[in-house]
Structures are given as C-alpha cells and as structure tokens.
C-alpha cells in the first residue's frame, strides 16, 4: 500500500533551503514505514490542482489497487485571485468528488481530510464553510473522513498562543529567513510532526497506526540541486550555488508583490535615483564583476569592461526617460471635449501605470547588458515593476555579484532591496513563468527555449505578455556595385562582425547575399583562415555549434570556403566560412536558421531578381543590412522594401553588431527574432513593454494621481484636449 496526498502548502514537502518549514505530509514517514507520495503543492486549491497544476493527473497515473488517497483542500479555495476560487457547496465539492471517483475507479481508497486550522483563537474556525462542505460530501458519497480541522481547532486552544508559536513558522532571523518569520499558517518541523500525529489519531483505523515515536532529527527535506560556476576555458568547476525551489520562487514573488507600493510611491523621480544608484555601484565594482564574468564566459576583459559600462548606461538612460516623463503618455480630455470631437463628453484622464512583477531570463552571451542588470531589468524598474531574474546557468557567480550591486544601489536610494531578486535553476524558471503574481516576462535566448516558455506564459489561466528575443539570421546584402568598389573593405568589416565575440552576438550577420564572381568570398576567406581557436560560452553551446556547422556543410551545393585554426583539445572550435549558390536554399531550410557561433554562410546570386527572391525568403530578423552604391538607387529601393518587412533595424553600409543604446533604438523584429514585434528590448521605448494604460473618468480631483492633476505637480508633458502641452 502507498499513501498519496493531494493538498496545499500545509501538507507539502519542502526543500532544505526553506528549512525548518515543513508540512504534515512531509512528517508522516516519521511515524511509519508506509510509502508516501506527497503531491501537495503550496498555494493549491481543489480547482487549480485539477485544472492547472497537474496534481490530479499525476496521482491518477500512479495510484493503484489498495492505495490510499488523502484529499485535503480548503486553505486557498475561497481566494478569488489566481483562478483558485470555487464555492464550497458547488465547484469545491465537484473537484473533491472528482478525486474520490478517480481513486475508486482505480480500486484505491479515497479519504477526505478537512484543512488544519491556522494559529488563531477566535470562536470560529478560519476556513469558513469549506470544512462543512467536505463533511457533507463525505456523508453523501460514503467517503471516509478525517476531521483534521476539528482536532487542530481544539489542540491550538489547549496549547495557547505562546506554545503554538513553537509549532508555527515564527522565527528569529535565520539563514533561510534573514528577516525572521511570523507565519500563522505554516509549520516548523515540530509543528508538522504535531499535525501528522493529530491526523493519525483522528484517523483511527482509516490509516495504518504509528509504529514509532517521531524523531524530528530524522525529518528529511528535499535536497537542493547544485548550480556550478564553471571556467569556460578549462571546464573546471569554480563554485557551487543552489538551485531555487518552486516554493522559494513563490516566496520571492510574494516579497516582490510587497514592494510594489514602494516602487510606485517613489514616482519617476525616485525611480530615476534608484537606477542611477545601481549604475554607480556597478561602476564601483567593475573589476570584480569583470573578472568573474571572464572566467565564466571567456569573453575577455576589454569586452566585458565595456559591457559593464554599457549596462550602467542603460540604467542611466532609463533614469533620463523617467525624468522626461513622456513615458507616462498623460492625456487629458476635459468635459468640454477635445478639438474636433463635437464637444461634450466626460472628463477623461489617461496615463500608463506599472504592469506588475516582471520575470527576466538572463542571456548567455551578454552576462551584464542582457542579464541581471540589463535592459529588461532597467526598463521594468523604470516602469515601476519589481523584477525577479532567472540567472543563466553559464554565469551564476556573475549573476550573484551583479545582484549584490543592484541591491546595494536600492539601499542607497532608500528602497527595499527586493525590488530586484535572483533565482537559479530550470525548475525556478518554469515556476517564475507560471506564478500568478508575475505579470510579464522578458527573455533572451534560443528559439526552442523561448518558444517553450512563451507557450507556457500564454497557456496560463491568466495569459501574460512574453517578450522573447529568440533567433535571428540578420541577412547582409552586397549589391554588384558595392562588391565591385569595396570588396576588400566589406570583406574585412563583415568577417570581423561575423566572428566578433566568437560569433555569439544576437545580431551576427549569419547570411550574406553577394554577387557571383565578385571575389568577396575569396577576400573573406583570408580573414577567416587567420582566426585563432574560438572558445564558446559553454559545453552545450559548443556542441550545438559543431552540430549546426556540420549540418550546413552537408547541404548540397555548399562548401567550406575557409576555416580558422583548430584548437587543441575539445574546448575550442574553428570558425567557418561556408559558401554556395542561392539555389542551395531550395534544398534546405537550415540555411534560414541561426547558427549561434563563429560561422557565416555566403550565398551568391546571378541577377537582381534572384537576389530579391532570396532575401524575401528570409524569416523575421533583428537586423537586415544593405551595402550598395548611389547609382543603384532603384535596386536599393526594392531591397529596402523587402528588408523593412523582415527586420526591426535596417543598417546601411555598415555592420549590425553593436547595438547603440539611445532614445531611437529598435531591438526587435518579426518572429522568430522576437515574440512581440511591436516592441524593443533596447532603448528608451523598452519601458513601454511593462506599462499599461488606465483612464480616470470623471474622477474627483483629490483621487487623481499626480500625473493627471490640473496643477501638474510632476511637470510632465501632457496632451490636453488634443494639444501637446509642455510642462
């Protein structure tokens, strides 16, 4: 016989990183040797356990004849947020009934368990009508019942307020709870053991009897999965970090929710001070940040030093955006109506407000500018949204050091350090996207990983925006005129751009369209052949690069025009330059996909129509680049029309690597470059991703936010009755 548990946080098993918190289901094995499968999940209600969390299905897939199923919900079922609510004499009973019937169909024994009481001492219980609804269902369906609510109600009153503090999660500052805890719902190990004992006592003959006295020292917490900082050059492990559990992600989300009012109250001016303070601390700690990042990424000290400066620049740009005030897009139509509307109408006052908590996924290739303190974090904080960052597994130490710098900046600005937090591990990323408290996600990474998380975000009970930067080929076109006049110049610049940072830039030109017989391939071959061995960011990236390069080399009609020097051992790769006719596109879709790393494909065309057709076959991209000559105006116009529909940034007679941070920048594009082509992740406009508009209609003046008051205390530019009005 196996005992299965369907329930919420009071029954759940916890990781060692949350000890001494424990659930009664975690404590049951201390009393007996019966196998326990504890599927309880913190925050679950009967409804969400069936509809969203997969708890019901996991249990039904595993339970069998002779097993017992303890069904214990009621703590969260009366909460209307997060899709958890079900009325006690309605949906709640229906979901419980589904568990009962599912167990019986599999010849298992269902047992209903009323919810354990909170630490409260009033005359009534704390779960409303839900315990009675469960009792009535048990009687109607002939289901065994353990009345844990009733026995715990009596027990807490017998012990009194002081003694029960030892059982509930009331803690002084603790390594896992630096600020302590005052929790009247969840239990310490002692409390979990106490509740498990009450349950077995109330069960009578429904469950096997205890065979020993429970020993708190034997209580087991789930081990934490390690996350290792690894030297990118040698492969040696440097330092161990701990992955973040689902429960810890939930706690981080609650802490982020608690600081939302402080960020909002700070206003644009206060948040500008915050961002500048964060940038200042990054500047102060640049040396330690860069040395850690170089060890984890092998990107080199000069490149990484410049990237820290760029990251500080992004934070300071967002401070400028806040002080400018136009990001709020304040609009006022007074009761008289805007010009040209025919007069009359309500008083309408519109502005942008924060979207809520934002989850950010760090990029592998930019450990600063697109990671913990990067553009997504800067723009979300500017909007007034707390941020929880999922650290990239290739640079956990850099992530922790960056977090410490940002949190020090928050303290200097007089704001809670929880305005930005960090989590580690695959499970934490999924928990972040699916947390009901998270209202938007920013992501930079692979197409496969981004699409998985995008679909997860959109399949939630409350779908949320997912701003993903995925894969981009970044086609570069060389016209016949440009090839004839600037072959050497273009070959040198293009080769440098394609292999910058070992080809690990999101805007690397991965596909080049050049005229046949122009000599561009031969000129580029000399540059590629002179390249030394390339160190990539990590083992997985290196393996996928080698696989991708080999697959492209196997495409009919393609050949390797040049290869860089091969390294010694297995941790370095050789850069590749591949070439063939544009007709190779007819044989493989692979040539229209990004190959992350130091490889570029040059396809040659014979005439203008062939060129335009090849360019039109390209998917969505972050950039598209054109090298042409003034006398080719007609051809250039044809090409630009195609480029505009396939890219977010059009580059002329230059190279796409190097994304300037400024007011007019666009770093986005049609899918698969991004999942939201109407937005940008770089530049001043990035803040709009994490804002939403609200209109106040006929609102009393004393209830209006500062941005919409007649006296305009924030001195904002506003559009009043259709007329843009400076402060």
- Note on the structure: Cα-based Rg and Dmax for the stretch 340-395, in Å, come out at 18.3, 60
- Note on the structure: Kirkwood radius from Cα pairs of the stretch 28-71 plugged into Stokes-Einstein at 4 °C, 1.567 mPa s, gives D in µm²/s equal to 110
- In whole angstrom, how far apart do the alpha carbon centroids of the stretch 140-191 and the stretch 95-117 sit? 24
- Message: Given the -39500 (n - 2.57) contribution per DSSP H run of 4+ residues, what per-residue ellipticity at 222 nm results for the chain, rounded to the nearest 500 deg cm²/dmol?
- Response: -11500 deg cm²/dmol
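Can you pull the percent of Cα pairs in the stretch 59-99 with separation above 17 Å?
40
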- Message: I'd like to know how the stretch 3-218 sits against the 2.2 N^0.38 Å rule of thumb: what's its Cα Rg over that expected value?
- Response: 0.97
- Query: Which angle from 0 to 90°, rounded to the nearest 10, does the C-alpha axis of helix 520-529 make with the longest principal axis of the chain?
  - Reply: 60
- Volume per residue, Å³, of the convex hull around the alpha-carbon atoms of the stretch 484-562? 99
- Message: Sort 397, 589 by Cβ crowding within 10 Å, fewest neighbours at the top.
- Response: 589, 397
- The Cα radius of gyration of the stretch 217-332, divided by 2.2 N^0.38 Å with N its residue count, comes to 1.47
- Item | Tail weight of P(r) past 26 Å, computed on alpha-carbon pairs of the stretch 228-470, percent | 40
- Query: Within the chain, what percent of beta bridges assigned by DSSP are antiparallel, to the nearest 5?
  - Reply: 35
- Item | Order of 711, 8, 333 - criterion: other Cβ atoms within 10 Å of each residue's Cβ, fewest first | 711, 333, 8
- Task: Rank the residues 528, 368, 452, 121 as a footprinting-exposure proxy: fewest other Cβ atoms within 10 Å of their Cβ go first.
- Result: 121, 452, 528, 368
- Its Cα gyration tensor gives the chain an equivalent ellipsoid whose semi-axes in whole Å, largest first, are 53, 33, 25
- Let me have the relative contact order for the chain, percent, based on Cα pairs under 8 Å that are six or more residues apart. 11
- Task: Taking all pairs of distinct Cα atoms, average 1/r, flip it, and tell me the Kirkwood hydrodynamic radius of the stretch 652-727 in Å to one decimal place.
- Result: 15.8
- Query: Computed on alpha carbon atoms, what radius of gyration and Dmax characterise the stretch 599-727, expressed in Å?
  - Reply: 21.7, 70
- Message: When a/c reaches 1.5 or more, the comparison of a/b and b/c decides; with that in mind, is the stretch 594-663 rounded, prolate or oblate per its Cα gyration tensor?
- Response: oblate
- Note on the structure: Taking the stretch 132-210, the whole-percent share of alpha-carbon pairs separated by over 15 angstrom is 65
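Any read-out appearing in this document is the output of simple, stated calculations on the displayed coordinates, not a laboratory observation. Bear in mind that the values here come from a model prediction, so they are computed numbers and not experimental data. For neighbour counting, all protein chains shown are included, and Cβ atoms are generated from backbone atoms with ideal geometry for every residue, glycine included.
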